[in-house]
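Here is the structure we will look at.
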Amino acid sequence: MKRTLGIVFALCACLAAAGAYAQASYPTKPIRFIVPFPPGGGTDILARVIATRLTESLGWQIVVDNRGGAGGNIGLQAAAQAAPDGYTMVMGQTSNLAINPSLYSKLPYDPLRDFIPVSLVSASPVALVVSSKSPYKILGDFVTAAKAKPGQLTFGSPGSGTVSHLTGELFQRTAGIKYVHVPYKGAAQALPDLIGERASEVAH
């Protein structure tokens, strides 16, 4: 199963504003690139690579602004409320642009109204990982343990409503097992608990 990892979005008036600023040698100040997850995760790493390449190829100064929490909603809200002057971009994801509108009765942004896509930048598979010290060496080992100890093993994800979380829920149903979901503010925060064996399994 694959998920779209990142789509760079700009505010609705961003491109039009950028055209207006072109005569003034756009950009005249740093461009804020909002990442709706904490530093160190896949979305953050990808965004920083994009920012570096833009700086190298165009000479623009890109400032990465991490706004993690609420499955990406906090970062998307910050982008939606920013001035539509061509100086704010946000890294959108399947989670916060397609899934969250179905999970939350009210969002602080409208994916269709508040943003316009700039480019699809990446797609990645969802992977289940365990600590190298874990007794589970293959997926079947984990399934067997979960069936023997229903509700006792833990499953970490980058946050409630993320693709990883929903994939984990689907896996529970498909495998006929039950474990405890532990949502984090991002994959980077889940990995230390996984390595320290405080979480049995993490999807990212």
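The values are calculated or read from the model by the stated rules, or taken from the named source; none is laboratory data. In this text, all values refer to a predicted model and were calculated from it rather than measured experimentally. For neighbour counting, all protein chains shown are included, and Cβ atoms are generated from backbone atoms with ideal geometry for every residue, glycine included.
Pairs meeting the criteria (first residue in region 107-133 and under 12 Å from L97 (Cβ atoms), second residue at pLDDT 90 or above and outside any helix (DSSP H, G or I), beta carbons under 7 Å, at least 6 apart or on different chains) are F115/G92. Anything in region 135-148 that is farther than 14 Å from F171 by Cβ and exposed (fewer than 13 other Cβ atoms within 10 Å of the Cβ)? List them, or say none. Result: P135, K137, I138, A148. For first residues located in region 40-57 and without any contact (Cβ under 8 Å) to a residue 40 or more places away in the chain, partners that are surrounded by 18 or more Cβ atoms within 10 Å (Cβ to Cβ) and assigned to a loop (DSSP other than H, G, I, E, B) and lie 6+ apart or on another chain with Cβ distances below 6 Å do not occur. In this structure, I138 qualifies as farther than 24 Å from W60 by Cβ and free of Cβ contacts under 8 Å to residues at least 24 places away in the same chain. Note on region 67-91: residues that are of a type outside the set (A, V, I, L, M, F, W, C), buried (at least 19 other Cβ atoms within 10 Å of the Cβ) and either out of contact with any strand residue (DSSP E or B) (no Cβ under 8 Å at 6 or more places or on another chain) or closer than 15 Å to G186 by Cβ (or both) amount to 7.
Yes or no, residue by residue, for (1) hydrophobic (A, V, I, L, M, F, W, C); (2) assigned to a helix (DSSP H, G or I); (3) over 16 Å from the mean Cα position of the chain (by Cα):
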| residue | (1), (2), (3) |
| --- | --- |
| G75 | no, yes, no |
| D85 | no, no, yes |
| S95 | no, yes, no |
| P101 | no, yes, no |
| S105 | no, no, yes |
| L112 | yes, yes, yes |
| I116 | yes, no, yes |
| V121 | yes, no, no |
| S124 | no, no, no |
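Taking the criterion of being modelled with pLDDT of 90 or more and surrounded by 13 or more Cβ atoms within 10 Å (Cβ to Cβ), the residues of region 101-120 that qualify are P101, L107, P108, Y109, P111, D114, F115, I116, V118.
Among the numbered conditions (1) over 20 Å from R67 (Cβ atoms); (2) surrounded by fewer than 16 Cβ atoms within 10 Å (Cβ to Cβ); (3) of a type in the set (D, E, K, R), the only one that D193 does not meet is (2).
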